[in-house]
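Novice: Just dropping this structure here.
The values are calculated or read from the model by the stated rules, or taken from the named source; none is laboratory data. Because the structure is a prediction, the values reported are computed rather than measured. Glycine also receives a Cβ, built like all others from the backbone with ideal geometry; neighbour counts cover every protein chain displayed. These area figures cover heavy atoms from the full protein model, side chains too; ligands, DNA and RNA do not enter into them. Shrake-Rupley method; radii C 1.70, N 1.55, O 1.52, S 1.80 Å.
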Amino acid sequence: MTLHRPDVSIISINGKTPKIDDRAFIAPGCRIIGDVVIGPESSIWYNCVVRAEVNRIVIGARTNIQDGSVIHCDGPAPGFPDGFPTLIGDDVLVGHNVLLHGCVLKDRAFVGLSATVMNGATIEGDAMLAAGAMLTQGKHIESRQLWAGSPARFVRDLDDAAVMGMRMGVAHYVENAKAHAAAIAQS
């Protein structure tokens, strides 16, 4: 079954329909497909694709997935009977044009613009993957670490100011989503 708003595609596949909290903001141009859960006050920005036909994708509360990002997952494979779901916690910042594939972003993680996070990779809370970086399969960024490069490597520990800046970014996107939702409703 396919449900359409004029500007968003919400698509059921393989008996799974996306579950989107009524308080989440889904911007025009988005495609949300399959076994997807999106929590309250989260925002999926313009022209994102969240596709879960082979495993599941969970996006927590107050998380933002910025414009043009793609989120997918991976099904079971030899050596990986559970496959790789994509699990994104609460208060996560995901920059523009990010690719998340079969990974875990814990509460308060940050992924910079145009970065890639591959199967089995994990970013802990209050940790940051820099813009343009590629976190390869199975890598793990510890809390309060900054990784950069392609492939990504540890650069330095984050100070309190950087962590507070990420938290301010979360609050900004919650409010910005409300403003965009109101503008779209009036157009």
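Novice: Give, as ranges by residue number, the residues of segment 149-187 whose backbone N falls under 15 Å from the point 7 Å along Cα→Cβ of ALA131.
Specialist: 149
Novice: Skip the ligands, DNA and RNA, and give the accessible area per residue of segment 1-99 with a 1.4 Å probe, whole Å².
Specialist: 44 Å²
Novice: Ok, one more. Suppose every K and R has +1 on its Cβ and every D and E has -1 on its Cβ; what is the size of the dipole of segment 1-125 about the Cα centre, in Debye to the nearest 20? It would help to have the intermediate numbers written out before the result.
Specialist: Details: 10 positive and 13 negative charges, 36 e Å.
The calculated dipole for segment 1-125 is roughly 180 debye.
Novice: Using the basic label-point model (7 angstrom from Cα toward the beta carbon), what is the ALA182 to SER150 distance in nanometres?
Specialist: Roughly 3.9 nm, to one decimal.
Novice: Hey, another quick one. Of the accessible area of the chain, with the probe set at 1.4 angstrom, what percent is carbon plus sulfur?
Specialist: 56 percent
Novice: OK, next. When we measure straight from the Cα of LYS16, which lysines land under 29 angstrom away, once same-chain ones fewer than 8 places off are left out?
Specialist: LYS106, LYS178
Novice: Starting from the Cα of LYS16, step 7 Å along the direction of its Cβ; do the same at MET168; then give the gap between the two resulting points in nm.
Specialist: In this crude spin-label approximation the distance works out to 3.8 nm.
Novice: Enter the per residue convex hull volume of the chain, computed from alpha-carbon coordinates, in Å³ rounded to the nearest integer. Display every interim value, and only then the final one.
Specialist: Numbers: hull volume 17.4 nm³, N = 187.
Cα convex hull per residue, to the nearest whole number: 93 Å³.
Novice: Next question, about the same structure. Work out from phi, with θ = phi - 60° and the Karplus expression 6.51 cos²θ - 1.76 cosθ + 1.60, the ³J(HN,Hα) of each residue of segment 34-50, listed in order in whole Hz, and give x for Gly and Pro.
Specialist: Per-residue couplings from phi come out as x, 7, 10, 10, 10, x, x, 6, 7, 9, 10, 7, 3, 6, 8, 10, 10 Hz.
Novice: Excluding ligands, DNA and RNA, what is the solvent-accessible area per residue of segment 114-162 at a probe of 1.4 Å, expressed in Å²? If you can, show how the numbers build up before the last one.
Specialist: Numbers: 2280 Å² over 49 residues.
With the other protein chains kept in place, segment 114-162 gives 47 Å² per residue.
Novice: Highest first, please rank the peptides 77-87, 95-105 by the mean number of other Cβ atoms sitting within 10 Å of their residues. List each step's numbers first, then the result.
Specialist: Numbers: 77-87: 13.7, 95-105: 22.4.
Final packing ranking: 95-105, 77-87.
Novice: Nearest 500 deg cm²/dmol is fine: what mean residue ellipticity at 222 nm does the chain get from its DSSP H runs of n ≥ 4 alone, each adding -39,500 (n - 2.57), divided by its residue count? Walk me through the intermediate numbers first.
Specialist: On the way: 1 runs with 27 residues, N = 187.
Roughly -5000 deg cm²/dmol at 222 nm, from the helical runs in the chain.
Novice: Once you list every other residue whose beta carbon is under 9 Å from the beta carbon of ILE57, what net charge do they have if Lys and Arg are +1 and Asp and Glu are -1?
Specialist: Details: positive: ARG51, ARG56; negative: ASP35.
That works out to +1.
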